[in-house]
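FYI, it's all coordinate maths here, none of it is from the lab. Keep in mind that this is a model prediction, so the values were computed, not measured. With ideal geometry, Cβ positions are generated from the backbone for all residues, glycine too; neighbour counts draw on all protein chains shown.
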């Protein structure tokens, strides 16, 4: 009887959790889709790092996505999935990825939505360039900005009136706030 | 095409790292330790395992290490596995491929109630670090056994090994392995305690992310597996695993079952897991997430005459059954021919479909595998 109760208890606990709303965040895409599908041992895992890419951890995945969406995300935080290598490799017919088994269309659509939304939190590295990267966070003049992970090492004070900082395609850009 | 072949070789290399053949449990012996030194099965065979390797094969031959040409002292057991494969793959891009799968040597030294087991061999190399990542030791652990001269009792292991979980089939593309917590090369450092007897067995493993090399899996966690054998033909098991990564927790809870039908020389096996994930709610992932996965396998193994064994398997994986069209299903048909005590030829075939055709493109493969046990 104990053999039966153990999994039944675990199942009932997990079933009480809230419904899945499939948020297209780096964390969700990595853990739910990229690790199981793209990071088996021989492929884009930390272990093998095929093509110098790994999706095995959030940080490695973020690093890979930054390269794979470069040029496809613009300063309005809108992305063009068709220009992103991350999307192209999933839908092309030759050398499609994952090579051993395609992703479900629904997962490809989720990744497309993520890129179209500007690939939030996977647009640049804090270490890129002299100017610090803010991710998708916006600061206005006079703010002492408290950076959130993974940009916690960045420190900045926005000094220019009427300006905001946005992170655009691997570098931080100071943009003018429209009246 | 050449790049595709290279990628494919990378994808499938190591595709058969030697786990046990659970098809032989109940059909040949009650426990994995009936034939293997390790309490989880797989790897080196014990004396009874060598006998069975000879008995099930078509042509027999001496089953010992190197056909008995090299005699080892009683405290030392040596072995190895070599596998390669060739065939046609359509996923759905069509390619012909030939690739190595496994080249590993095993050594087990027995010192009273203790054993030191080491598995070493070639591995998929790490891009831009090939020189330092050509060979490795996949498993190495110290084991204490309460009854060192028997195949039952208490086993305690410390070192690097695969957590004991599930059916433990050899074919790592099987969904219950790939998505079920025991994917290829997910061995890591841990501590395990087990009790094995003909009537029942239980295994508890605590594991950590490998701190020494760049690993496949970056999780810390624990796994439980218990199996009761109700008579000589039926075994029922329960399992639970918790894996914690930097941003989410994965759960695997499930049941296993095996039933042997002597009249048909048929072993039926099944495993069903409920595998939800719970994401941390953070500033970067404010919505969290809670996909509820299901993974299962049903496998029928027919023990045919003349050293043949036919496996017909069904697999199902849905990373979130609350969302539509994410499920994938497959049919595996594998024909094994145990030609000699050491040589096995396998035809591995698979047809896979996504949401029965409505979730994406279907695919499959047919691969001939050559497997030699030293």
ask   = What ratio of Cα Rg to 2.2 N^0.38 Å holds for the stretch B:177-224?
value = 1.30
query = For the stretch A:22-116, what size does the Cα cloud have along each of its three principal axes, sorted from largest down, in whole Å?
reply = 37, 29, 25
ask   = If one computes the Cα centroid of the stretch B:179-204 and of the stretch B:135-170, what distance in Å separates the two points?
value = 8 Å
ask   = Listing B:279, B:99 from the residue with the fewest other Cβ atoms within 10 Å to the one with the most, what is the order?
value = B:99, B:279
key: Estimated [θ] at 222 nm from DSSP helical runs (n ≥ 4, -39500 (n - 2.57)) normalised by residues in chain B, nearest 500   = -2000 deg cm²/dmol
Separation of alpha-carbon centers, the stretch B:205-265 and the stretch B:29-53, rounded to whole Å = 19 Å
remark   = Eigenvalues of the alpha-carbon gyration tensor of chain B, times 5 and square-rooted, give semi-axes in Å, largest first, of 30, 25, 23
request  = For peptide B:326-332, compute the average count of partner chain beta-carbon atoms within 10 Å of each residue's beta-carbon.
outcome  = 2
message = Taking the Cα centroid of the stretch B:72-88 and of the stretch A:42-82, what is the distance between the two, rounded to the nearest whole Å?
response = 38 Å
ask   = Considering the Cα trace of the stretch B:68-153, what is its radius of gyration and what is Dmax, both in angstroms?
value = 18.4, 54
message = I'd like the mean, over residues of B:247-257, of how many other protein chain beta carbons sit within 10 Å of each residue's own Cβ.
response = 4
key: Three principal axis lengths of the stretch B:164-297 [C-alpha, angstrom, descending]   = 60, 30, 22
message = Averaged across A:28-39, how many Cβ atoms of other chains sit within 10 Å of each residue's Cβ atom?
response = 5
ask   = If you take all C-alpha pairs in the stretch B:206-274, what percent of them are over 16 Å apart?
value = 60 percent
inquiry  = How would the stretch B:110-205 be classified by its alpha-carbon gyration tensor: rounded, prolate or oblate, with rounded meaning a/c under 1.5 and the a/b versus b/c comparison settling the rest?
reply    = oblate
inquiry  = How high is the relative contact order of chain B? Use alpha-carbon pairs under 8 Å, at least six apart in sequence, and give a whole percent.
reply    = 15 percent
